[in-house]
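Read the structure below first, then the notes.
The values are calculated or read from the model by the stated rules, or taken from the named source; none is laboratory data. In this text, all values refer to a predicted model and were calculated from it rather than measured experimentally. Note: ideal-geometry Cβ built from the backbone for every residue, glycine included; neighbour counts use all protein chains shown.
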Amino acid sequence: MSESWTDARLNDLRDNVVEFRAETHQEFVALRTEMKEEFAALRQEMKDEFAALRQEMRDGFAAVDDRFAAIDDKFDSVHDEFTALRREIKEGFEGMQRLMIQFMGVMIAALIGLAAATQL
């Protein structure tokens, strides 16, 4: 047999619902507060990690820049050496060319002298 809903029972039900609502509200407030604190801590941790990562990347890029600068210096040194070698080779060929021209002058003079001597 079912019980009838008396005013006292309805009042008890209402009180229970109100109490449940208040407890639920308090739990949600506590949960929100906890979540805010956790998210704030997580945000700070992420900021710290990203700052450390940025610094590590800056240091790494600086090291790479230094290595490229060293390589550039080596290329400049090699370029200077090749320029000096090219100058030496050019001077050598110019000397050979002068010597060949002088030799050809002597040969022409000798041929003219030989031709003149055979004509006499």
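Cβ separations smaller than 8 Å between residues 6+ apart or across chains give no pair from segment 53-80 residues that are on the phi > 0 side of the Ramachandran plot to residues that are outside any helix (DSSP H, G or I) and surrounded by 10 or more Cβ atoms within 10 Å (Cβ to Cβ).
A quick yes/no check of all residues on (1) exposed (fewer than 10 other Cβ atoms within 10 Å of the Cβ); (2) assigned to a loop (DSSP other than H, G, I, E, B); (3) among the basic types (Lys, Arg); (4) modelled with pLDDT of 95 or more:
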position: Lys36; (1), (2), (3), (4): no, no, yes, yes
position: Met57; (1), (2), (3), (4): no, no, no, yes
position: Phe61; (1), (2), (3), (4): no, no, no, yes
position: Val78; (1), (2), (3), (4): no, no, no, no
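Among the candidates Ile112, Ile71, which residue alone is assigned to a helix (DSSP H, G or I), surrounded by 10 or more Cβ atoms within 10 Å (Cβ to Cβ) and either modelled with pLDDT of 95 or more or under 20 Å from the mean Cα position of the chain (by Cα) (or both)?
Exactly one of Ile112, Ile71 is assigned to a helix (DSSP H, G or I), surrounded by 10 or more Cβ atoms within 10 Å (Cβ to Cβ) and either modelled with pLDDT of 95 or more or under 20 Å from the mean Cα position of the chain (by Cα) (or both), namely Ile71.
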